[in-house]
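Some notes on the structure that comes next.
All of the numbers you see were taken from the coordinates with simple rules; none came from a lab. Given the structure is predicted, the values throughout are model-derived calculations rather than measurements. Backbone-built Cβ (ideal geometry, glycine too); neighbour counts: all protein chains shown.
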Amino acid sequence: MKVAVLGAGAMGSLFGGLLARAGHEVWLIDVWHEHVKAIRERGLRIRRKGGELLLRDLKAVSSPEEVGVVELVLVFVKSTATEKAIKGARVLLGEGTLVLTLQNGLGNVEQIATVVPISKILAGTTAQGATVIGPGEIYHAGEGPTAIGQLEGPPLERVREIARAFNSAGIPTEVSENVMGLIWGKLLVNVGINALTAITGLKNGELLDYPETVELMEMAVSEAWEVAKRKGIHIPSEDPVAHTKQVARATAENRSSMLQDVLNKRKTEIETINGAVVRLGREVGVETPVNKVLTNLVLMMERRYLGPSA
């Protein structure tokens with residue numbers, strides 16, 4: 001399978017690297033030129049507990065123009081860059097190309113749909129964890145299940161083929177018929193963890209060490225859960241608050257992607273996570289004061305290091 005990974009940060013590099021190791025033709029596409037250069041010259045190094053992988057069979061480029069039409073586009077750019085990235089990647093899309101987003105937050109599908117027919121868009125979630133160490137090098141921080149599925153249209157056998165390819169590459173994956181429920185389920189976890197870690201500087205598990213952050217986590221997730229219920233979304237977990245705490249424990253040593261963004265003075269995905277809860281809560285008549293405060297605090301932090309126009 002010919003695969004293009006749009007956004008070769010930690011997660012894009014992880015998925016791309018493992019798929020290449022399994023024998024697929026993988027192209028990593030990223031605007032981070034030092035990263036692209038390092039992979040081309042030295043390969044991709046994936047560090048993990050108990051050892052490391054050095055993968056030399058990936059192709060890394062800065063422009064989709066060098067790739068051509070592919071069978072699968074994996075979208076791993078930050079949600080704030082989704083629309084720009086997919087519009088700049090039209091050259092990857094052929095009649096049979098499927099586009100899969102495993103990004104955080106809400107709104108990515110809608111942005112991709114400005115270019116790609118909804119019947120060719122797949123979505124899902126992953127509990128794999130990775131962080132960037134430096135150009136050409138990532139750390140595989142934790143393993144967990146991945147689920148993918150269609151948004152509309154008759155069932156496609158190719159979705160199951162993609163899941164089989166992921167599984168054979170060492171990425172445990174299942175096909176789901178409740179994709180929006182999965183996306184919202186992951187959103188609720190991110191709502192409870194990401195902003196709080198970004199504001200406090202705590203690792204995921206450390207949020208559970210303080211009654212104040214535990215209470216804020218519970219309140220933020222409960223607000224988002226109520227919004228989901230009002231919208232008729234079926235969340236796979238019976239108790240999203242307890243599930244969020246479970247994820248925080250399971251990823252105790254992880255620094256969330258939002259905390260990493262703040263530490264590296266980058267724009268965060270706050271507006272597609274807690275900010276999305278606030279916007280959608282307003283639409284369905286649910287008050288979301290805790291998510292509003294968390295959103296505003298992270299936006300204020302962004303503006304301190306990016307400038308007033310951020």
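When Lys and Arg each count +1 and Asp and Glu each count -1, what net charge do the other residues less than 14 Å away from Glu25, Cβ to Cβ, add up to?
Around Glu25, the surrounding residues sum to +1.
Using helices alone, what [θ] at 222 nm do you get for the chain, with -39,500 (n - 2.57) per DSSP H run of 4 or more residues, divided over all residues and rounded to the nearest 500?
-13500 deg cm²/dmol
Report the one residue of Leu306, Thr295, Ser237 whose Cα lies farthest in the direction of the positive end of the charge dipole of the stretch 180-306 (charges on C-beta: Lys and Arg +1, Asp and Glu -1; origin at the Cα centre).
Checking the options against the dipole of the stretch 180-306, the answer is Leu306.
Once you charge only the Cβ atoms, +1 for Lys and Arg and -1 for Asp and Glu, what is the size of the charge dipole of the chain about its Cα centre, to the nearest 20 debye?
Roughly 680 debye for the chain.
What's the local net charge at Val61, with K and R +1, D and E -1, over the other residues with C-beta under 12 Å away?
Result for the local shell: 0.
Name the residue from Gly192, Ala276, Leu182 whose Cα lies farthest towards the positive end of the charge dipole of the stretch 180-306, charges +1 on Cβ of Lys and Arg and -1 on Cβ of Asp and Glu.
Farthest towards the positive end: Ala276.
For the stretch 92-101, in order, what is each residue's ³J(HN,Hα) by Karplus, 6.51 cos²θ - 1.76 cosθ + 1.60 with θ = phi - 60°, in whole Hz (x at glycine and Pro)?
Using θ = phi - 60°, the values come out as 7, 9, x, 4, x, 6, 9, 10, 10, 9 Hz.
Counting only other residues whose beta carbon sits under 15 Å from that of Val277, what net charge do I get with K and R as +1, D and E as -1?
Result for the neighbourhood of Val277: 0.
With springs connecting C-alpha atoms under 10 Å apart, model the chain as a Gaussian network and identify which of Gly134, Gly170, Gly51 has the largest mean-square fluctuation.
In the Gaussian network model the winner is Gly51.
Taking each full run of DSSP H in the chain as one helix, which ones are at least 18 Å long along their axis (Cα atoms) and have mean Kyte-Doolittle hydropathy of at least 1.6?
none
Which order do Glu25, Glu66, Glu157, Glu137 fall in if you start with the one that has the fewest other Cβ atoms within 10 Å?
Exposure proxy ranking, most exposed first: Glu157, Glu66, Glu25, Glu137.
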